[in-house]
Structures are given as structure tokens and as C-alpha cells.
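Undergrad: Quick one: the structure is below, and I'll ask about it shortly.
The values are calculated or read from the model by the stated rules, or taken from the named source; none is laboratory data. Note that the structure is a prediction, hence the values are computed from the model and not measured. Here the Cβ is made from the backbone with ideal geometry for all residues, glycine too, and neighbour counts use every protein chain on show.
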Amino acid sequence: MTGIRIALVDDQALFRAGVRMLVDSQPDLEFVGEAGDGVQAVALVERVRPDVVLMDVRMPLADGIQATERIIGDADRAGRTPPRILVLTTFDLDENAARAIRAGASGFVLKDADPEFLLAAIRTVHQGNAVLAATATRELFAHVGRGSGARPAPAAWSELTPREREIFALAARGLSNTEIATSEFLSEATVKTHVSRILSKLGLRDRVQLVVFAYEHDLTG
């Protein structure tokens, strides 16, 4: 049985070797390729079609943000599902990580995270549950957004029902479907349906982009 297909993009050969060994040690994961810069990353993804890409931000030739935009754009134009992209960053509050998520990445993990956390993050995004460390993601966007001024909410915001806005607010605070269900006395299936409709109406790819949207339009209160 084929496991989750993982590609790694990082300009440090020693780091790549360590991650490759970690992934290869897991029976449900399959390491399918690596690249050392953003230009190579685009070609690698086109060639091996991974399920999840671990993407460094700071790299030569093309950085992780440019590579993320290109990979997702190429997949969209080809009419295929893009891989989930996990940003690898050295710093807790890194504006480049925020920019990568705006470009379509599904979340970020610290390079010095425990191996178990990285493995859990890979499996989580592969399942479509994009918010990995919701609190960290929230703090990141609160940090980079200070003083920049909120943009007015787009017309699509008015299409959300009052109930959907309630669910939106809880998801923007980083609550999981289980936590929202408990808080609102709903089933998890109902919450999942609400979240799916919210993402569709707002044209968002996943819950991480929902958090970005909330901070950019000052809808976190």
C-alpha cells in the first residue's frame, strides 16, 4: 500500500538528510524527492506529484513563497488538486511564513519542532485539516497585522448566515471542529458542513486561509 507521498525543499543538505531518514522510518509515509531551491521545487513537484511538500522559506534562486505560488498556480491551471504545503521556518513569528500561507501554504512548523510533531503535522494536512498550530498561526497574523489597517470585508461576507458567522468567529480563534461542536451544542458533522460552506462562500482554500482572512479584515472579535 502506497503511503503519503512527501517531497522536501530546503537548501541545507544535512537537514534534508535528517528529514528523509525520519520520513523513511514511517510505514505510512513515502519520501519521493528533494530539492535545494525554489526553482528545483517547482520542477520536482511537477515530476513526482507529492501529496505533501515540506517547504523552506529562505532559499536561493526562488524562495519558498515564490515556489508555493507557482506550485499551486500550476496545479490550478491544470485542473488538479495541488499538494498540501507545510512551511518550514526557524522563527516563531516569521512574516515570511505569513506570506507563504497567504500564497496558499496549509500551515507552518518550526524547524526545531519535535520529530513527532512534524510527523503529526504531515498526517494532519494530508487529511485536509489545515490548522496545525492554531494559536501560533493566530499570533503570527496578529503580530504581522498590527498597524497595517484592516481591509473592508468583501461582498461575499454578507452571504454568510448569522450561524455561519458564529462558526467563522470560533474557527478564526483556532478552535477545532470538536471544540466548536462542544461549544455550540452541535454535532461535528454539522460543524464540518458549516465550515465547508463558509470556505466555499468566501473562496478560501482551507482553515488557515480563514484565519488569514479574519485578521486581514478585522473579523477576529
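Undergrad: Go through V23, V52 for me and flag whichever is among the aliphatic types (A, V, I, L, M), modelled with pLDDT of 90 or more and within 16 Å of the chain's Cα centre (by Cα).
TA: V52 is the lone residue from the list that is among the aliphatic types (A, V, I, L, M), modelled with pLDDT of 90 or more and within 16 Å of the chain's Cα centre (by Cα).
Undergrad: Every residue in segment 58-109 that is touching a residue at least 60 places away in the same chain (Cβ under 8 Å) and either on the phi > 0 side of the Ramachandran plot or in the same structural domain as V212 (by TED's automatic domain parsing) (or both), please.
TA: Matches in segment 58-109: G104, G107.
Undergrad: Any residue in segment 160-180 that is more than 13 Å from K192 (Cβ to Cβ) sitting within a Cβ distance under 8 Å of a residue that is β-branched (V, I, T) and part of a loop (DSSP other than H, G, I, E, B)? List the pairs, counting only those 6 or more apart or interchain.
TA: A169/T220; A172/T220; R173/T220; G174/V131
Undergrad: Taking the condition buried (at least 22 other Cβ atoms within 10 Å of the Cβ) and part of a helix (DSSP H, G or I), does A98 pass?
TA: yes
Undergrad: Listed residues L86, L22; which is in contact with a Leu (Cβ under 6 Å, 6 or more places away or on another chain) and either closer than 25 Å to D206 by Cα or surrounded by fewer than 21 Cβ atoms within 10 Å (Cβ to Cβ) (or both)?
TA: L86
Undergrad: Which residues, counting only those in segment 25-34, are touching a residue at least 60 places away in the same chain (Cβ under 8 Å) and either surrounded by fewer than 19 Cβ atoms within 10 Å (Cβ to Cβ) or charged (D, E, K, R) (or both)?
TA: Of everything in segment 25-34, those that are touching a residue at least 60 places away in the same chain (Cβ under 8 Å) and either surrounded by fewer than 19 Cβ atoms within 10 Å (Cβ to Cβ) or charged (D, E, K, R) (or both) turn out to be Q26, D28.
Undergrad: Here's a follow-up. With the condition kept exactly as written, say whether any residue in segment 39-46 is of a type in the set (D, E, K, R) and either surrounded by 15 or more Cβ atoms within 10 Å (Cβ to Cβ) or farther than 15 Å from I85 by Cα (or both).
TA: No, segment 39-46 contains no residue that is of a type in the set (D, E, K, R) and either surrounded by 15 or more Cβ atoms within 10 Å (Cβ to Cβ) or farther than 15 Å from I85 by Cα (or both).
Undergrad: A follow-up question, please. Against the condition hydrophobic (A, V, I, L, M, F, W, C) and under 21 Å from the mean Cα position of the chain (by Cα), how does A13 come out, does it pass? So that I can check it myself, show each step before the final result.
TA: Details: hydrophobic (A, V, I, L, M, F, W, C): yes; under 21 Å from the mean Cα position of the chain (by Cα): no.
It is false that A13 is hydrophobic (A, V, I, L, M, F, W, C) and under 21 Å from the mean Cα position of the chain (by Cα).
Undergrad: To continue, here is another question. Name every residue in segment 5-19 that is aliphatic (A, V, I, L, M), crowded, with 16+ Cβ neighbours inside 10 Å and more than 18 Å from I71 (Cα to Cα), in order of residue number.
TA: At the first step, the residues of segment 5-19 found to be aliphatic (A, V, I, L, M) are 6-9, 13-14, 17, 19.
Still in the list and also crowded, with 16+ Cβ neighbours inside 10 Å: 6-9, 19.
Within segment 5-19, V19 is the sole residue that qualifies.
Undergrad: Another one. For F117, are the conditions met, namely being under 18 Å from D10 (Cβ atoms) and buried (at least 18 other Cβ atoms within 10 Å of the Cβ)? First the steps, then the outcome.
TA: Numbers: under 18 Å from D10 (Cβ atoms): yes; buried (at least 18 other Cβ atoms within 10 Å of the Cβ): no.
Taking the combined requirement at face value, the residue does not satisfy it.
Undergrad: Here is a follow-up. Pairs, please: C-beta under 9 Å, at least 6 apart or cross-chain, first residue under 17 Å from G73 (Cβ atoms) and in segment 35-57, second among the hydroxyl-bearing types (S, T, Y) and not in a loop (DSSP other than H, G, I, E, B)?
TA: Cβ pairs passing all conditions: G38/T68; A41/T68; V53/T68; M55/T68.
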